[in-house]
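This report concerns only the one structure given below.
The values are calculated or read from the model by the stated rules, or taken from the named source; none is laboratory data. Computed from a prediction, not measured in an experiment: that's the story for all the values here. Note: ideal-geometry Cβ built from the backbone for every residue, glycine included; neighbour counts use all protein chains shown.
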Amino acid sequence: MANMIGVGVFTTTGYMVSALQSSPTILLAWLVGGCAAICGALSYAELGAAIPRNGGEYQLLSRIYHPLLGFLAGWIALVVGFAAPLAFYAHVFGDYVSQLVPISPLLAGIGLIVVFAMIHSVSVGQGVLVHSLATVLKLVLILLFVVVGFSRGDPARLAGEHGVSLSSTVFQSAFAVQLVYVSFSYSGWNAAAYLLGEFRDPQRDVARCVLWGTGVVTVLYIALNAAFLVSAPPEELAGRDDVARVAATHLLGTTGETLVTGLIAIGLMSTVSANLMTGPRVYEAMGTHHSRLSFLSIRRSGGGPFAAIALQSSLAIAMLLSAKFETLISFIGVTLSLSAATTVFGLFLLRIREPQLHRPYRVWGYPVTPLVFLMLEGWMITHTLVQRPVAAAWTAATLIVGVVLYLLCGEGHSRPVAMTGEPE
C-alpha cells in the first residue's frame, strides 16, 4: 500500500475529466485499473516465489527469456520506472510547495531530489521514518477527503453528464488511453513480488498480501475520486493536475486548500524517498553482472549505492527541466505496461518449459488471471501508441538506446546471471 499510494491519485483525475467527461466512466476506469493490478500482482507473485532474487524484472526476464530483455527491463526501470516518475513527483512537489512559501517550483523540485539523494547515499536508514509517517498522513488525507467530500459535496455529480452514457465512452479509445494515468497511479502493485525471499510462508502470505493491499488501495482510490468529483464542478477539475487542491478549496475554503497542500507536499517527500531507495537497487544488480557497469554497485560503508542514486537523480533532474508532464505520464504508463506484460507472459513460458520448477506459490485462477491482465494491458498499450504518438516515440527511443547500451556492455563484458531459483 505504501508503494502504491503516491501522488498520481491526487493529480491525474483532471486529465481524465477532460477526456472522458463522465463521472461513472472515470470511476469505472479506477476499478478496471485495480483489477488489472491485482491480476498482475498475483502473476508476479508466482514468478517471484520461483525466482526469489533482487532486481525485479531485470532478473526475471534474464532468467525466462534472454539477458538482452533483462537488460532492457533494467534500463526501462532506470528511465521509466524511477527517473521519470521521480521527475514528475518533484514537479508536483514544487507546484504545491510554491503555494505555501515564495519559492520557485523548479528550484523546490530539484532541491527535493538532491536532498534525498544525499540522504540515501550517506545512510540507508535515514529516510525510513519520514517515509512511514508520510504514508500514514496520506492515508489519513484520503479518508478525510472521502468523509468531507460526501458530507459537503454534491453527490448528484456522480450520476453522469447529460447525453454521455457509460457504454458510449467505455468502448472508445479514449477510455483505454486514460487507463495509462490509472496504471501510473497503481504502480507499485508488484512490490510484494520483490520481497518473496523474505516471506516465512510465501504460499499463504503472498496472495493474502497482494489481495488485501491492492484491494484496499482500489477501494480507497475509487472513494477518493468519487469525493473529488462530488466536490467541484467538472469544468473546474478538467485538465488540472492539482485536483485535490481544487476540491479542498470548494469544500473548506482557503483553510482546506492550505491543509491539503501541506499534507500532499509531505506525502511527496516519502514518495521521492522510496523512489530513491528502491530504484538504485535494480541498477546495482545490473552492475554486479556487467563489468562496464560495475561502478553502479559501489557503496559507501553503511550507505546506499551512491553512483546508482546519482545516475537516477541526474536523469530525473534533466526530465524535470525539459519534459511536458502529461506526455511524460503517458510515456511512463505505456512503457511500464509493456515491461509488465512481457514479464507476465513469461509465466506461461516458464510453466511449459519448466513444469518441475519449485513454485512455493501458484497464481490463483490460472490461466484466466494472467490472461485478464495481458488483455487489459494489450488493449491499453495499443490504443495509447496510436493516440499518443509522442509517447510511442519516447518508448521506441528508450528501447533502442537500451539495445545499444546492451551491445556496448553486454555479452562480451558481462558476468552470467545466476540461473538457479535460490536468492543471490
Qualifying residue in segment 344-355 (condition: of a type outside the set (Lys, Arg), farther than 17 Å from Gly81 by Cβ, touching a residue at least 60 places away in the same chain (Cβ under 8 Å) and not in a helix (DSSP H, G or I)): no
Where a residue in segment 30-57 is closer than 13 Å to Cys209 by Cα and assigned to a helix (DSSP H, G or I) and its partner, wherever it lies, is at pLDDT below 85 and among the polar types (S, T, N, Q), with Cβ under 6 Å and at least six apart: Ala41/Asn190; Tyr44/Asn190
Any hit, segment 353-363, residues being modelled with pLDDT of 90 or more and among the basic types (Lys, Arg): yes
Test: Gly197 is in a loop (DSSP other than H, G, I, E, B) and either closer than 26 Å to Gly81 by Cα or modelled with pLDDT of 70 or more (or both): no
Complete set of residues in segment 308-342 that are at pLDDT 80 or above, of a type in the set (Ser, Thr, Tyr) and within 16 Å of the chain's Cα centre (by Cα): Thr335, Ser337, Ser339
Only one of Val216, Val206 that is within 21 Å of the chain's Cα centre (by Cα) and modelled with pLDDT of 85 or more: Val216
Within segment 367-407, tally of residues that are outside any helix (DSSP H, G or I) and in contact (Cβ under 8 Å) with a residue 60 or more places away in the chain: 1
Pro24 farther than 19 Å from Tyr283 by Cβ and part of a helix (DSSP H, G or I): yes
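Of all residues in segment 84-105, which are over 15 Å from Met269 (Cα atoms) and in contact with a helix residue (DSSP H, G or I) (Cβ under 8 Å, 6 or more places away or on another chain)?
Step one: of segment 84-105, the residues over 15 Å from Met269 (Cα atoms) are 84, 99-104.
Ala84, Gln99, Leu100, Ile103, Ser104, listed by residue number.
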Test for Tyr58: is it modelled with pLDDT under 90, in contact with a Ser or Thr (Cβ under 7 Å, 6 or more places away or on another chain) and among the aromatic types (Phe, Trp, Tyr): no
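Table: residues versus (1) under 27 Å from Leu211 (Cβ atoms); (2) of a type in the set (A, V, I, L, M, F, W, C); (3) exposed (fewer than 15 other Cβ atoms within 10 Å of the Cβ).
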site	(1), (2), (3)
Ile317	no, yes, no
Ser330	no, no, no
Thr335	yes, no, no
Ser339	yes, no, no
Val344	yes, yes, no
Leu350	yes, yes, no
Arg353	no, no, yes
Tyr361	yes, no, no
Trp364	yes, yes, no
